[in-house]
Amino acid sequence: MKQDLQKILLSQGIEKDFSGKLAGFRNKIINAPLLKDEDCDKVRKIIKDVQRNQDKAVSEYTKKFDNTELNPDTFKITQRELDAAHKNIDKELLASMKKSIHNVRQYQKQIFIGKNKKFINGTGIKYTPIERIGICVPGASAPLPSTVIMTAVPAQVAGVKEIVIVSPPRYNGSIHPVILATCRELGIKEVYRIGGVQAVAALAYGTPSINKVYKIVGPGNGWVQTAKKEVFGQVDIDSVAGPSEVLIVADKNANPAYVAADMLSQAEHAPGSAVLFTDSQKLANDVFENLEQQYKNLLRAEETLKCLLNFSLIACFKNMDEVIREANNFASEHLQIQCGKSSRKIASQIKNAGAIFIGEHSPVAVGDYFAGPSHTLPTGASARFFSPLSSNDFVKSTSIIEYDKNMLTKSGNAIIRIANAEGLDAHANSVKIRLKK
């Protein structure tokens with residue numbers, strides 16, 4: 001393995017074309033969620049088919065892609081199934097999830113801005129929760145109850161009344177009971193055992209069995225993300241998210257065993273990207289050795305190794321200024337800083353990241369499951385313009401304008417001049433007519 005894995009080590013000043021190889025790797029991560037043109041055409045075809053044939057098309061694609069025969073009467077999980085899953089879940093696991101739910105709810109309440117503002121100079125703003133949203137919960141390789149928590153709780157804090165969960169029937173022809181138990185704990189009653197492009201299309205356009213939503217959020221593979229991108233405009237979406245990724249900024253003070261463990265925690269997503277930027281060649285070498293030792297003990301060792309080979313990197317720079325600059329270029333989903341007492345200072349220099357984890361005792365898993373911020377984060381360098389999912393993403397704002405006669409009189413001539421400059425005399429007249437005595 002060492003010979004094969006050696007290629008993930010890059011050292012500035014030693015490696016030929018260091019900058020070029022770094023840029024090539026960055027582009028590879030950015031393009032990871034994108035499908036080939038012919039596959040994008042397939043996504044569009046499925047969406048159009050669901051628009052035309054509705055429930056019938058959803059059933060056919062569920063059989064084709066998930067090997068499960070469903071009819072419209074069996075799309076929806078019954079309340080009895082939700083109750084049974086909740087009753088039978090491991091009690092210690094349920095207790096842990098309740099703590100997670102509490103933490104997420106408290107954090108989302110603290111950051112929520114969706115309160116109507118007072119009028120200033122005849123203007124104000126009104127915030128209204130989105131009425132109905134859909135959440136995509138993956139179900140391929142492992143159950144992800146945390147995804148339900150990290151997407152549904154922010155929506156509940158925002159005041160969304162109707163929350164719809166879709167997840168593919170990959171567990172005995174249905175959804176994993178841990179996911180169902182989480183939905184039941186949160187009081188979510190509308191859960192459908194469908195996934196993939198057909199689920200996104202059903203949520204966006206509606207079918208006789210599934211009422212349309214107004215926003216779709218949640219992770220998924222390239223097919224799901226491309227489908228979300230295609231229906232954007234018909235509905236709102238959170239972002240087009242790719243494989244999970246972590247960038248670790250570390251110096252000589254970092255514990256190489258911790259850093260390696262943190263890299264592996266993302267690589268095991270299969271696919272998942274794990275990157276280390278450091279100014280210490282010794283740390284780079286030590287982390288590499290720890291990767292070799294630790295990956296072999298993982299349950300998903302083979303898949304994790306493939307991710308290390310294909311989507312991971314250890315890059316050693318000349319100094320920390322270079323590290324920080326390139327970290328901002330990468331704009332990673334998760335960014336960990338393990339630089340001893342300098343960690344907070346370095347964090348203050350990071351402009352682009354989905355979430356920043358400061359210090360050696362803040363692994364990504366803390367954010368994934370427990371701390372409070374949603375783990376639904378921008379990937380593929382989109383942290384330059386996208387933000388983490390939060391309660392603020394589930395409200396829409398409406399501008400409020402209320403002028404009285406005195407205010408219109410004071411501003412009228414200015415409004416008329418601008419309207420006339422644009423050649424819109426009817427606009428101008430709508431003000432003039434009110435100014436006549």
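The values are calculated or read from the model by the stated rules, or taken from the named source; none is laboratory data. All values derive from a computational prediction rather than experimental measurement. Note that each Cβ is placed from the backbone with ideal geometry, even for glycine, and that neighbours are counted across all protein chains shown.
Looking only at residues in the range 222-257 that are in a helix (DSSP H, G or I) and assigned by TED's automatic domain parsing to the domain that holds Ala315, which one is surrounded by the most Cβ atoms within 10 Å (Cβ to Cβ)?
So, considering only residues that are in a helix (DSSP H, G or I) and assigned by TED's automatic domain parsing to the domain that holds Ala315, the one surrounded by the most Cβ atoms within 10 Å (Cβ to Cβ) is Pro256.
Could you list, in sequence order, all residues of the range 392-406 that are farther than 30 Å from Lys351 by Cβ and exposed (fewer than 13 other Cβ atoms within 10 Å of the Cβ)?
Thr398, Ile401, Glu402, Asp404, Lys405, Asn406 - these are the residues of the range 392-406 that are farther than 30 Å from Lys351 by Cβ and exposed (fewer than 13 other Cβ atoms within 10 Å of the Cβ).
Those residues that are free of Cβ contacts under 8 Å to residues at least 12 places away in the same chain, within 25 Å of Ser332 (Cα to Cα) and not basic (Lys, Arg), I need them from the range 19-56; list them, please.
Ser19, Gly20, Ala23, Gly24, Asn27
Being assigned to a loop (DSSP other than H, G, I, E, B), under 24 Å from Glu60 (Cα atoms) and touching a residue at least 12 places away in the same chain (Cβ under 8 Å) is the filter here; which residues of the range 148-184 pass it?
Listed by number, the residues that qualify are Ser167, Pro168, Pro169, Arg170, Gly173, Ile175, His176.
Take the range 392-437 and flag every residue that is among the charged types (D, E, K, R), under 30 Å from Phe112 (Cα atoms) and not in a loop (DSSP other than H, G, I, E, B). Give the steps one after another, and end with the answer.
Taking the range 392-437 first, the residues among the charged types (D, E, K, R) are 393, 396, 402, 404-405, 410, 417, 422, 425, 432, 434, 436-437.
Narrowing further to those that are under 30 Å from Phe112 (Cα atoms): 393, 396, 402.
Within the range 392-437, Asp393, Lys396 qualify.
Kindly provide the set of residues from the range 142-173 that are at pLDDT below 95, small (Gly, Ala, Ser) and more than 18 Å from the chain's Cα centre (by Cα), ordered by number.
Gly173
Does Ile216 fit the bill of being closer than 23 Å to Gly354 by Cβ, outside the structural domain of Glu360 (by TED's automatic domain parsing) and in a strand (DSSP E or B)?
Yes.
Yes or no: Lys306 modelled with pLDDT under 95, among the basic types (Lys, Arg) and out of contact with any strand residue (DSSP E or B) (no Cβ under 8 Å at 6 or more places or on another chain)? First the steps, then the outcome.
On the way: modelled with pLDDT under 95: yes; among the basic types (Lys, Arg): yes; out of contact with any strand residue (DSSP E or B) (no Cβ under 8 Å at 6 or more places or on another chain): yes.
Judged against the criteria, Lys306 is a match.
Looking at this structure, is Lys87 in a helix (DSSP H, G or I), among the basic types (Lys, Arg), within 22 Å of Pro177 (Cα to Cα) and out of contact with any Ser or Thr (no Cβ under 6 Å at 6 or more places or on another chain)?
Here the answer is yes, as Lys87 does meet what is asked.
Glu92 passes all but one of (1) touching a residue at least 24 places away in the same chain (Cβ under 8 Å); (2) assigned to a helix (DSSP H, G or I); which number fails?
Looking at each condition in turn, Glu92 falls short on (1).
Could you please give the count of residues in the range 116-140 that are in a loop (DSSP other than H, G, I, E, B), on the phi < 0 side of the Ramachandran plot and small (Gly, Ala, Ser)?
Number of matching residues: 2.
Please work out if Lys117 is more than 25 Å from Thr207 (Cα to Cα), among the charged types (D, E, K, R) and surrounded by fewer than 24 Cβ atoms within 10 Å (Cβ to Cβ). Can you show your working first?
Details: more than 25 Å from Thr207 (Cα to Cα): yes; among the charged types (D, E, K, R): yes; surrounded by fewer than 24 Cβ atoms within 10 Å (Cβ to Cβ): yes.
Yes.
Among the candidates Phe119, Phe65, Phe75, single out the residue that is over 17 Å from Pro169 (Cβ atoms) and of a type in the set (Phe, Trp, Tyr). Walk me through it before giving the result.
Working: Phe65 fails: over 17 Å from Pro169 (Cβ atoms); Phe75 fails: over 17 Å from Pro169 (Cβ atoms).
After applying the criteria, what remains is Phe119.
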